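Input: a single structure, listed below in structure tokens.
The values are calculated or read from the model by the stated rules, or taken from the named source; none is laboratory data. Remember, predicted model here, so these are calculated numbers, not experimental data. Ideal geometry is used to build each Cβ from the backbone, glycine not excepted, and the neighbour counts take in all protein chains shown.
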Amino acid sequence: MVSIELDDEAHGAPPEHRRTVSRGTRPWWVVGAATAVLALVLGQWVADLRSHAGWQRLADRTDVVRPVGRSVTPRWSLDPSQLATISQGLRWRGTVVGPVDLPDGSVVLASVDGRDGHRRWTTPVLGPDPQRAQAGSSLRPAGACERQPDDPSRVVCLVSDAVVVGGEHSVTAHAPTSEVHLVVVDPETGRTRADHRVGTDLGTLYALLPGGLAVLGSSRSSSDVVAVDAASGAERWRVAAPPAARGAGFGVAAVGDAVAVIGDTGLVVLGRDGTVRRTERVTGFQGYLPAGDGRIAVPGSTGTLVVGADRDLQLVGAALCVAADDGSVPGLTLTRSDALHAYGADGRPWWQLTGSSPTGAVVLHGVVYLTRDGGVVAVDGVTGKVVWQVSLPVQPLSPMRDGRVLLVALSTDVAALDPRTGAELWRSPLPSGGTTLVAFGGLLLATTKDGPGTVVLG
């Protein structure tokens, strides 16, 4: 801060030592100092604006956390209900949009600010409910939200009045559902674009296809899949999955403009109109992993099945979880067997990396960042050339990015690495009792043995 004296004459100064300055002018050095300070302020403002805009663009494509400081400290803590909102909501430019239960039993959609947990906006969906209110702090939101792939200004949420109560290790529904809403909101302002009551059997939002076609699950049958137009609320089709795609293991995912329905022994790909495009055999289904280009990777006992809208690929090895992928290496799929294998969109092998098996990965700006026993390695996503590697006592967790640095969890600290060179920029202790560090919904979360359980770091 520069202090500028506005008086043209100092009291008591001898006339012969005064410098005559006409009114309306200032000495050149005062103007120069003020201009320099203004330039510094404007320069920092522009740099901050560009950094924030760059982070927003990256955050729109993948799950990067808010930029963190050199001293990573707890910003706010999540109670179980807030944690449910975060896990059932979706990230949006530093916020999480999802269903929130209020003390009177009403349900709103809210935008939760990742910096301190305050609500930027709330949109009412369901009114007060005494039965839900009686559940108190054990009440959990019944619903979920998805972003429309071809229109980021539209978020679609399924919200019901089911009384869902969370225990220490389980969640239980204690009352039948009597009201279900499919709501479309603007994630920036919370403005309601559409709000339709749909069938009370529709309790699960599986996916959202381009054009706002919501793919829902029906409670009438664990294998019924229902498509509803989010703009009009009209049910477009309802199909029972073929026997091969049924069983105790069951999942539904969007693959481009199609829907993959996965069961214990088989997989069925449905078109936008609900017709069967093709079927595939699956063995030992235990879930699926999203791919950065709109496909999914389904691990099985005989390898990994990569499922797309129009074709599938059978790859050797178990799919590696990629925690964040900005799409800068289109078609990349990573699997683990005797080494780390990289495949292209056509299933052709690109490269392999020997050594200890990676425990997690992120793909950003054409580089694959991997954590594995003993350290971190950065690999060119197309050629497999090692860009850099460092030795660190890392936890078996994926690395994380905040748009500026690469964050890795150590035994008691978090380290920030330069993504270009791997050089350690700074290190900060984890919260007391911290055990796990994870990026979720744009938030940097730590679970703790002592204290609130889950805290947001910044």
For residue 153, indicate whether it is surrounded by fewer than 21 Cβ atoms within 10 Å (Cβ to Cβ), of a type outside the set (A, V, I, L, M), within 23 Å of residue 288 (Cα to Cα) and free of Cβ contacts under 8 Å to residues at least 40 places away in the same chain. no
Out of segment 358-395, which residues are modelled with pLDDT under 95, part of a loop (DSSP other than H, G, I, E, B) and buried (at least 17 other Cβ atoms within 10 Å of the Cβ)? 395
Among what's in segment 291-303 and is modelled with pLDDT of 85 or more and assigned to a strand (DSSP E or B), pick the residue that is surrounded by the most Cβ atoms within 10 Å (Cβ to Cβ). 298
Would you point out which residue out of 415, 446 is buried (at least 20 other Cβ atoms within 10 Å of the Cβ), at pLDDT below 90, assigned to a strand (DSSP E or B) and out of contact with any His (no Cβ under 8 Å at 6 or more places or on another chain)? 446
Pick from 238, 220: which is more than 30 Å from residue 363 (Cβ to Cβ), among the basic types (Lys, Arg) and assigned to a loop (DSSP other than H, G, I, E, B)? 220
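Residue under question is residue 276, and the condition is that it be crowded, with 17+ Cβ neighbours inside 10 Å, in contact with a Leu (Cβ under 7 Å, 6 or more places away or on another chain) and at pLDDT below 95; does it hold?
no
Mind telling me which of the residues 227, 254, 260 ends up being in contact with a Phe, Trp or Tyr (Cβ under 6 Å, 6 or more places away or on another chain), crowded, with 20+ Cβ neighbours inside 10 Å, small (Gly, Ala, Ser) and in a strand (DSSP E or B)?
Working: 254 fails: in contact with a Phe, Trp or Tyr (Cβ under 6 Å, 6 or more places away or on another chain); 260 fails: in contact with a Phe, Trp or Tyr (Cβ under 6 Å, 6 or more places away or on another chain).
Answer to the check: 227.
For the condition of a type in the set (A, V, I, L, M, F, W, C), at pLDDT 95 or above, on the phi < 0 side of the Ramachandran plot and more than 19 Å from the chain's Cα centre (by Cα), what is the one hit in 171, 185, 159, 164?
Unique residue meeting the criteria: 159.
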What's the number of the condition residue 306 fails, among (1) assigned to a loop (DSSP other than H, G, I, E, B); (2) under 30 Å from residue 275 (Cα atoms)? (1)
Is there a residue in segment 160-181 that is assigned to a strand (DSSP E or B), touching a Phe, Trp or Tyr at 6+ places or on another chain (Cβ under 6 Å) and not β-branched (Val, Ile, Thr)? no
